[in-house]
Every structure is written in C-alpha cells, then in structure tokens.
1. Between residue 431 and residue 78, 0.36 nm times their residue separation minus their Cα-Cα distance comes to what?
2. Would you mind getting me the FRET efficiency between residue 402 and residue 295? Use the beta-carbon distance for r and R0 = 35 Å, nearest 0.05.
3. So how do 347, 16 line up by other beta-carbon neighbours within 10 Å, fewest first?
4. What is the distance in Å between the Cα centroid of the stretch 389-404 and that of the stretch 285-355?
5. State the extension gain, in nm to one decimal, for the chain segment bounded by residue 150 and residue 176, taking 0.36 nm per residue of separation less the distance between their alpha-carbons.
6. Taking the convex hull of the alpha carbon atoms in the stretch 432-537, what volume per residue do you get, in Å³?
7. 7 Å from Cα along Cα→Cβ at both residue 205 and residue 390: what's the point-to-point distance in nm?
8. If you stretched the chain out fully between residue 515 and residue 185, how much longer would it get, using 0.36 nm times the residue separation minus the C-alpha to C-alpha distance?
C-alpha cells in the first residue's frame, strides 16, 4: 500500500498541470488576495478536507441526505461567486469578514484570514475534478460500490496533500508578488473578484467543460503523459490487492485458460448469498435461496447487471447451460449487482429478466453485500461451486465458454459433447463513462449545454456529442430524465442512421456494422430529457 500512497502523492503534485484543472485555476489564483497571513493555510486545509471527503463519501452523502451531487456543486459555485463579489463590494466584504470572524471563534488559534480561506478551500474541493489516473480511478470505483477502506482513505488523502503543495506555492507566491504591488492592491483585488465571479458563472452553465474540450481539441496531447507515472507493474500489482479478499489470490482471479479439467482444486468455502433487494424466478413457495440450501447441487453464481454489454453477451450461454444441466444437478444463481443507481429499481430488473428470457433465480445485490463477500471486481464474473459448497472454478469477463462447460460437466460427473458458439470481440475503443466521477477526457467532444453528475451526463436541446471509435458495434446506456421519452439522432461518418426513442432505462444499440473499422459517431439530442451513462463497444 505504501507504493500506492507514494505514487498517489506524486500524481497529486502534477495534477495542477492537468487540462481538467484549467477551468478552476482562476479560483486558486484568486486565493492570493484577501486579508490575513494564514489565508493560504486555510485554503489548502479546506481543499484537502473537502476533496478527500467528497471523493470517498459523495455517493454515501447523496443517499443519506437525498441532496443531489448537482446541488452540492451548486453550493460551491455560490460560495465562489459570493467571495468574488465580496472582493468588489466593500460592504459585502465587511459582512463576510464579520461572518468569518464569528466562525474563527470556534478555532481561536487559526489566525486572521484562516476561516475565510477554509471556506473557499471547502468549495474548491468539490469543484476540483482532475483527469484521474488508475490509482484514484480505482479508489473512486471503491467509493461507488461503498467499499471504502483505510487504504482508500490513505491514498485519497495522499493525492489531495500532493495537490495542495503546488496549490499552496501558487497562492503564497502570488501573495508575495501582490505585496510588491501595494499601490495597485485595490484594482488587483477587484480584478480577481471579477475573475472569480466569471469562473463561478462559467461553472454554473458548464462552460468549464466546453473550455476544457476546446483546449484538448487545440492541443490533443496536452496532459496525456501526466498519469503515465502511475502506469508501472508495481502499481498495477498493488491495485489488484487494494481490496481485502477472503479467497486465495493466487487461484481466484487467474485467467480461466490457466485451468484444465484436472485442476479444479478446492479454493475455499463459497460465501453465502446476501440479498439486497428482491428475488426473481424463485420456485413456488420459496422466498430466497442460499448456498447452504443447495448442498448436493453444483451451483454457478453469475455476477451481472442488465446494462452491461459484456454481461448481456454471456446470457445465451447461461440460458443454454440452464436448459441442458438443470435437471442433472446444476443451479444457476444470477446476482444482479448494479453499476448505476437506476439499475437498483426492481421493476427495471424484473423487466430485464423477462426480456432476456432468464428462467433461473436472480437476486438483487443493491447493497453490494454479496459482491463484497466474494471480493468480486468484475461484470460479468462466474464462480462454480461443487456439491459440498466449495468454490472450484472462477472466470471473469467473456469467453472460454467451452472450458467453463467442461468444468460444469466434471463437477456433475458427466461426459457430453460441448458445442458453444464462438464470439470474437473486435472493439479497440474502451468502455467510456460520461458521468463526472469516471469521465476520461479526450475520447469525445461535445457542443451545446450539458449538465454533469457523478454517474451521468444530461445534454440539453440541440447539444451534440462526437466520438471517434474503432469497433463493429456501439452501445450507449441511457434513460429518460423525466416520465416522457427522449429522442436522439444517430449519425455515422456524417450520414444519418436512425432516430432513437429513449423510453426506458437500458442499453441501446446505436451502431451495428457488418465488420469492424474506424468511424466517427455523432449524436444530436432533440430535447433535454436524456441521461447518458456509458458507451460500450463490440
């Protein structure tokens, strides 16, 4: 873990150069003005606290309070706008100073200016969205699944402290420079006030995202190497161990093709199923199913979620195995662990189970309790359990269906022909998320007005999205933002393809080609009624 902490700290130091940070740099520079020698210390303290807490616990805070992430971001915008206005209007400045002096009574040793800087830093921490590398991205994924641990906290704190150092240098150096320009201090203060106000307005109307996109269009390689220092074998190994696992890491988690029929070793007792919602397709009279109840049966536990294209492509094989082996002693249990908030809705899951024609039991794992019990990290993931309740086989992702079926047959003591169709994945473009928490810039550009939340992007009427991809098929997880449907036009290489009506929460197929290739996708949104979650490619 120490290696991850060190590299997270270094990643934080260089993040000040990130293109994603450019839109909020005026706020950092404006921290140079204001009364009190300890103001810079207040700003960096507030930033470290805010960034660490909101990175790790934003999902939990939103769930506990019912306050949306957009509302919290709006509070930060209001703070920045108000502090900028106070630098211009003497009366408002006097009012805010009285307010800060009252706040400082709770921390009398903080020194003059610390409280005002602390409030600015708290607001800045929520607006700070760096172009994250693999370390912080892994921590964010833990936060999204509610799996925050001590390691995740230490890594995030190290990243924020690393970021705070150049931030402090910029602010403190700026104060030294401004101190030499004392005759112009009033003009400089008002200039920075205007700069903060304009920045707050830009963030409110999402112009910061447009500016960031413009910079990347003009300088496409700008910031591309900032996360490369994290891309080394040592970091990758420790990221794989970031979660505590109750099962042997040298066996569970290895690629499936390392196992053969003679290597179905006894890895560990299978963790119990812990429902986090409803059950579907249960036998009559049953309210739940447990691993203990299924002793004497061979059990295949399949972690999936209904908008995951990789999961969807495995379902025909699961259905086939259910039909061939259910009467011979195989029980398949689908564990539906949601990736997005709307996938927790039991109505949506029931519809997906029906639409996909699944006949085996499926349970909701909305609290990630079963996911954590198995120390799972993948959609899809399959764990094969023998008749004594021990895990004998595991596979993550698509493929190796013949090998999986042979393992099923071995545990059932069967010898039958294996004939699974082959599926070749031709996509070279990775899965792309559109929400602010996991959005990686540089893959697509947007125009028009957009609103962003940690999980999704909401384009306004006439907004567009342009994406260069290399694949055969393109899919997009979408849902209507309101009760009425939304509509989007799809263009391939500037040729109109189709108009899609989005009337439910699911994965939509945008492009289906006869063969893979490099193309340009453009989406034109006809209303403001869509939430866009993630692109996947086939």
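We did not get these values from a lab; they are worked out from the coordinates using the rules stated. If you're wondering where the values come from, they're calculated on a predicted model, not measured in any experiment. Virtual Cβ from ideal backbone geometry, glycine too; neighbours counted across all protein chains shown.
1. Working: separation 353, 0.36 × 353 = 127.08 nm, distance 3.42 nm.
Roughly 123.7 nm would be gained on extension.
2. Working: r = 28 Å, r/R0 = 0.79.
Between residue 402 and residue 295 the formula returns 0.80.
3. Fewest-to-most ranking of 347, 16: 347, 16.
4. About 15 Å separates the Cα centre of the stretch 389-404 from the one of the stretch 285-355.
5. Working: separation 26, 0.36 × 26 = 9.36 nm, distance 3.83 nm.
Extra length available between residue 150 and residue 176 comes to 5.5 nm.
6. Numbers: hull volume 9.3 nm³, N = 106.
Dividing the Cα hull volume of the stretch 432-537 by its residue count gives 88 Å³.
7. Calculated label separation equals 6.7 nm.
8. Numbers: separation 330, 0.36 × 330 = 118.80 nm, distance 6.44 nm.
Gain on extension, residue 515 to residue 185, equals 112.4 nm.
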